[in-house]
């Protein structure tokens, strides 16, 4: 994990904790115009952008143009040559460098009055305290799984707005702004905790990700078998010696076998399982183009959503804005109700279990699989944002598998927890059943 300046994450957190949410004193608020209030908020609002890809680059630029002066960007990837046509903060000289660090540097150069820090790390690597420092989190991630994880983080660190003069129009902070795109379509969701639907509330509206991976994510470090298949399709196929046949026919057995073989080789190099001929065929039928215009509109819409939070134009009744470029520029706002049965933000989102502190981790997993509420199939268990057991991806599964034979009393001891606690709070996510629960574990 690397930072683009001498300031460390703890220094950032300390500064944010001291300043608190952007707010005005009552006497100042009465004599300030809306413009002055906006200026104050833009100078003090703490904004995190997760993902420095196509959406993240445009969101950072738009936020800086709007006048927001305290930005942090987080991304684990490096710049690839295939990114340059739509991730406009980078140049050919940046290929191979950290996206987060180069994006932060580019914003500093273009907007000298903006304070921005870049962190070269994945969202999962950052401690929970990192996210507590922010008033708004802008998500530019490109998978449903990453969105669900970030959504869960927000509700783990959510705090009520205690000042009546808080410049952010929300009862709880941080607010999550989620941007997504596919081809010529894009959408932006404003998730105000416990006021609007969260990602888990609308999970059924997401398409199946099998075969629908954005091309901008495949050139770096693949995490899923779909990434390996797309790499074979988008990178290896055009580079082959035989250029007589330029396009791939998903129904041609020879083409299918060629892509399958190359995808298997790439998957084996990165320790990824799950490449099958059926999945190869599905991916080839449903490739998603990545377009610079859609990225620009989506990133700008994310910045507009942040601005609306400040000047009072954010409505809980219409938190979802979508646009459709294939039929011209058509933009609309959609109303969706919160789901009371939501496992993250609903009233029944937490589950309590009492177990022995001598229970092995593998026995806990078996218990979760049999639990009448959880019904886990392939659970990922995280404690204090430290992985206890990760079922995906394969590399993290292999890294956390030794914990299966360890008793819980060994797992829940650390520098910050020198004694086995009587109670721990776990985050249990299951990608097979698409559920995410907060688990209160009582140790006896």
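Taking only the alpha-carbon atoms of the range 350-443, what semi-axes of the equivalent ellipsoid follow from 5 times the gyration tensor eigenvalues under a square root, in whole Å, largest first?
Details: eigenvalues 73, 51, 28 Å².
They are 19, 16, 12 Å, listed largest first.
Roughly speaking, what % of Cα-Cα pairs in the range 343-393 are separated by over 12 Å, rounded to a whole number?
On the way: 907 of 1275 pairs.
Summing the P(r) tail past 12 Å for the range 343-393 gives 71 percent.
FYI, it's all coordinate maths here, none of it is from the lab. It should be emphasised that the depicted structure is a prediction, and the values quoted were computed from it without experimental measurement.
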